[in-house]
Amino acid sequence: MRYAETGFNLEVDLSRGNVEKVATDPRDTELYLGGLGTNAKILWDRVPPETDAFDPENLLIFSTGLLNATPATGCNRTIISTISPQTKLMAFSMMGGFWAPELKYAGYDKVIIRGKSPDLVYLYINNDTVEIRDASHLQGKGAIETAEALRQELGDPKLQVSAIGLAGENRVFFASIEQGRSSASRGGIGAVMGDKGLKAIAVRGTKDINLAKPAEFIGLCNEVLEYIKYREDHPIPGVMPILAGLGSPQEMKIHDEKWHTENFMWGNSRVRRKGFWTDEIAKAWTETMESVRRRLISCYNCPMKCGATISVPGLPTYMMKCFSKLTYTMAAMSDLEFGLSIAQKATEYGVDGFSTPQVMAFALELLENGILKESDFPGMPEDNEGRFYWLLDRIVRREGIGDILADGTYWAAERIGNGAHEYAHNNIKKHEQLPLKLSMLNPVYFLMYSTGEKINITQIEGQFPQAPFPKKEQREEFVKDWIQVPDEKFKQYFLDWEPRGENSNPYYPTPQIASEIVDWQEMMHYVDDALGTCAGLSSFPLKPPYHIHNYPKFIEAGTGIPMDKDKLVEITRRNRNLVRAVNIRRGMRRADEKPPANHWKKRFPELEAELLDTYYKFKGWNKDGIPTAETLKSLGLDYVCEDFIKRGILKADEEGEVNAEADQN
Amino acid sequence: MCAEKKTRIVKTIEIDVDKCNGCRACEVICSAFHAEPKYSSNNPARSRIRVIREPLRDIYVPVYAGEYTMAECAGRDKYIIDGKEYDECSFCRASCPSRVEFKEPDSGLPLKCDMCEGEDEPLCVKWCLAEALIYVEREEEYEVEEEKPEDLEIGLEALADKYGLEKLVDTVARLAAKE
């Protein structure tokens, strides 16, 4: 018997209409745990770099995490991996909600989709019944509508549905996969689903999930619940309210948006509006939110309330979470009511709440600056908000200018030419970023922006405060009960970090210390993404209930695989290097690893080079960011090393260092 | 003649549907607690508490399993509460022939909440940090009615009618000898 996991994957070939239930190798669980780790292994083994996102050979993997559907609080994430049409690299977007646990109760750890269906279909999974079914009646339907329609027609309110909307069907490069209250949005994975002709996966399961050491596991769960209660009563002083507690940033609950509205950029990530958050605005926005928010809601088996049910008068009800609350509002320089209204449409269409508003603001900026002409926007309304609705409709249908914009700002600029790239200014590796423009370079953030394989800052940061605390006493207070640190040295790093003077950004944390801090933060995300734990209870907030000291116990008690801190750290390194290997094999190199040029006003090219050098070395990568043969072999990734040598990415007799430098010259 | 009064503890779970966030932790821990060996597996389909969820209609109703009932109800009503329409069955705690709720998925045998006997409080309550589930021990007074000699006489008369007085006397004598 397998514990915590089911030990089976579903292999679905949409070209042939074939479904198979395949037993997985327990050794892979020991090496990569599950979730992102085993997804990366499958993509490495089965999707060569010659395969493009929209080739039938590309895989779309819906994965559970190793601890999904165990009683471990907040282990509910679905980890979806494929090749992104936008970045052409590995995309691994994730969503909370209820889908992954349901899949496990149905008896599967992953659904691996390959091929393409000639007609639109959906996949129906009910325990041992797995069928590819006609979805022609769902064509063009919204993602939430689709889920409701399937529950109705199949007469099962407990069905959990992941679906795409019109944007996915039309292969919009920033199309999402939606699941009621959650969505996997980044990297255009919804476009891959649409390209495969797959409208939805509906799941229902009623089987058991087993634990290896039951009493021990429940004891650990109870400790986590106790700590959550403690943290609810003890918010962290001195940080902004949305980051003081646990969960993803509490955007649905907390009304104070001074920090976002005055520090994040408006429009096409251009305008900073200091002094925006007046009493008047605060009152109006609070009223707006309270009048449309019906309930704060949770994901499966989690006490946090990061989402909300939103009913804007005259619009269908939908569910929202986190920062999509403000992205449309700020891109359109409008108010909260507009943002919450257009987000309803965007959710049904199934588009990413970060990229979409920026793409639309980008288009209007191009129009303003004469790079696009009025004639490119035939029939567009005069009013600002009407324009955003009009653009959204064109994009998801790929009509006219919408067809170009549907490829995201980078590829749209490529096609528009005429200097349009200057306006696609907020990308990393062709992917739209949070609208932030700051003054002084922060070395830790520089490394995270540059090297994060998820290409999204919220998916690598966490654990270590974003900024130094002003007073020494505050810092001393903070480190007192900081049990999550992997090593005591991190407390000293934080104590020494000052807002001004010698020990401040950009020279402190030093490149070595910055590397260690980034490594810790990233490591926790890699644990979460393998186990399916929500970052909101682990890698994202300060002082979370899950950390490197109790995770090994969870894994051992859950799966029966002997685990300790060192072994878990090694697994995260293996997974981290495997994901990087997939991207290196697809051509990603040091030159791609940089934040948007205008992210910070004060830049330090020499220091930045030193930061990258130090970090790469710390990670066991060569100067071009390629894992060295030594690193790969030490992690049992010999097969990656062999492939790199075969492809000339590493040289057989050298450690890669020399070869990579030769490449650069 | 006056009836004797006694008190007994009635264990209940009060449900505040306004506080439920629909996470279903109650289903997880319930099914884990009742697994054999304890906590060795979990499966919400075996849980003795269910959250009736319809997120888009903002309906979240945790219901814990009551008695098994042999037959389904003759009529099914709708309730409209606070503008939301609920099926009467939504609130029903019975395991009954008309629906799949509160039955073992394998055997179809009915499930019933036992308040997690042996624990300080039902574990669904312990795991509900939203405090939608509150454990309440209510002391209830009840009257212990004194047995009346006439009642016994009526019963014996009925038996004598059926079996004959002689047979009844023999049986009572035999029972007395056994004591």
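Summary table below
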item: Hey, A:Tyr122 open to solvent by less than 10 Å² (accessible area, probe 1.4 Å), assigned to a helix (DSSP H, G or I) and in contact with a helix residue (DSSP H, G or I) (Cβ under 9 Å, 6 or more places away or on another chain) or not; result: no
item: Of all residues making up segment A:308-323, the number that are more than 9 Å from chain B (Cβ to nearest Cβ) and in contact (Cβ under 8 Å) with a residue 40 or more places away in the chain; result: 5
item: Members of segment B:11-37 that are small (Gly, Ala, Ser) and at the interface with chain A (Cβ under 8 Å from one of its Cβ atoms); result: B:Gly22, B:Ala25, B:Ala32, B:Ala35
item: Within segment A:201-254, considering residues that are open to solvent by 20 Å² or more (accessible area, probe 1.4 Å), part of a loop (DSSP other than H, G, I, E, B) and within 12 Å of chain B (Cβ to nearest Cβ), the one farthest from A:Val111 (Cα to Cα); result: A:Lys253
item: Every pair of residues 6+ apart whose Cβ atoms lie under 7 Å, when the first sits in segment B:87-107 and is farther than 20 Å from B:Ile59 by Cα while the second is of a type in the set (Phe, Trp, Tyr); result: B:Ser95/B:Tyr68; B:Ser95/B:Phe102
item: Cβ-Cβ under 7 Å pairs, at least 6 apart or on other chains, segment B:45-57 side more than 10 Å from every other protein chain (Cβ to nearest Cβ) and farther than 17 Å from A:Val161 by Cα, far side of a type in the set (A, V, I, L, M, F, W, C) and open to solvent by 20 Å² or more (accessible area, probe 1.4 Å); result: B:Arg48/B:Cys113; B:Ile49/B:Cys113
item: Residue list for segment B:116-144, restricted to those being farther than 30 Å from A:Leu296 by Cβ, among the aliphatic types (A, V, I, L, M) and modelled with pLDDT of 90 or more; result: none
item: Members of segment A:456-501 found to be among the aliphatic types (A, V, I, L, M) and over 21 Å from A:Met523 (Cβ atoms), listed by number; result: A:Ala467, A:Leu495
item: Long-range neighbours under 6 Å by Cβ, at least six apart or interchain, first residue surrounded by 24 or more Cβ atoms within 10 Å (Cβ to Cβ) within segment A:534-559, second of a type in the set (Asp, Glu); result: A:Ala535/A:Asp528; A:Ser538/A:Asp528; A:Ser539/A:Asp528; A:Ala557/A:Glu216
item: Test result for A:Glu365, within 21 Å of A:Glu287 (Cβ to Cβ), assigned to a helix (DSSP H, G or I) and open to solvent by 20 Å² or more (accessible area, probe 1.4 Å); result: no
item: Listing of helices (runs of 4 or more DSSP H) fully contained in segment A:565-661 that carry 1 or more residues being surrounded by 15 or more Cβ atoms within 10 Å (Cβ to Cβ), under 24 Å from the mean Cα position of the chain (by Cα) and outside the structural domain of A:Arg46 (by TED's automatic domain parsing); result: A:565-585, A:605-619
item: Qualifying residue in segment A:449-467 (condition: in contact (Cβ under 8 Å) with a residue 40 or more places away in the chain and more than 21 Å from the chain's Cα centre (by Cα)); result: no
item: Among residues of segment B:119-144, those that are away from every other protein chain (no Cβ under 14 Å) and open to solvent by less than 100 Å² (accessible area, probe 1.4 Å), counted; result: 7
item: A:Trp259, sole failed condition from (1) away from chain B (no Cβ under 14 Å); (2) of a type outside the set (Ser, Thr, Tyr); (3) not in a helix (DSSP H, G or I); result: (3)
item: Any hit, segment A:267-277, residues being buried (at least 22 other Cβ atoms within 10 Å of the Cβ) and under 26 Å from the mean Cα position of the chain (by Cα); result: yes
item: Out of B:Glu36, B:Glu27, B:Glu72, sole residue that is touching a residue at least 12 places away in the same chain (Cβ under 8 Å) and in a loop (DSSP other than H, G, I, E, B); result: B:Glu72
item: Residues of segment A:125-137 satisfying the condition of being within 13 Å of A:Leu154 (Cβ to Cβ) and buried (at least 19 other Cβ atoms within 10 Å of the Cβ); result: A:Ile125, A:Ala135
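Rundown of residues vs (1) within 14 Å of another protein chain (Cβ to nearest Cβ); (2) of a type outside the set (Val, Ile, Thr), yes/no style:
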{"position": "A:Asp13", "(1), (2)": "no, yes"}
{"position": "A:Gly17", "(1), (2)": "no, yes"}
{"position": "A:Glu20", "(1), (2)": "no, yes"}
{"position": "A:Lys41", "(1), (2)": "no, yes"}
{"position": "A:Asn68", "(1), (2)": "yes, yes"}
{"position": "A:Thr73", "(1), (2)": "yes, no"}
{"position": "A:Ser81", "(1), (2)": "no, yes"}
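Listed here are the residues, each with its yes/no results for (1) aliphatic (A, V, I, L, M); (2) open to solvent by 50 Å² or more (accessible area, probe 1.4 Å); (3) over 20 Å from B:Ser40 (Cα atoms).
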residue: A:Lys21; (1), (2), (3): no, yes, yes
residue: A:Lys41; (1), (2), (3): no, no, yes
residue: A:Val47; (1), (2), (3): yes, no, yes
residue: A:Phe62; (1), (2), (3): no, no, yes
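Conditions (1) within 29 Å of A:Glu148 (Cα to Cα); (2) open to solvent by less than 40 Å² (accessible area, probe 1.4 Å); (3) modelled with pLDDT under 90, marked per residue:
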site: B:Arg46; (1), (2), (3): yes, no, no
site: B:Ser95; (1), (2), (3): yes, yes, no
site: B:Asp114; (1), (2), (3): no, no, no
site: B:Glu146; (1), (2), (3): no, no, yes
site: B:Glu150; (1), (2), (3): no, no, yes
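The values are calculated or read from the model by the stated rules, or taken from the named source; none is laboratory data. The model shown is predicted, which means the values in this text are computed figures rather than measured ones. Here Cβ is always computed from backbone atoms with ideal geometry, including for glycine, and neighbour counts include all displayed protein chains. All accessible areas refer to the heavy atoms of the entire protein, side chains included, with ligands and DNA or RNA removed. Shrake-Rupley method; radii C 1.70, N 1.55, O 1.52, S 1.80 Å.
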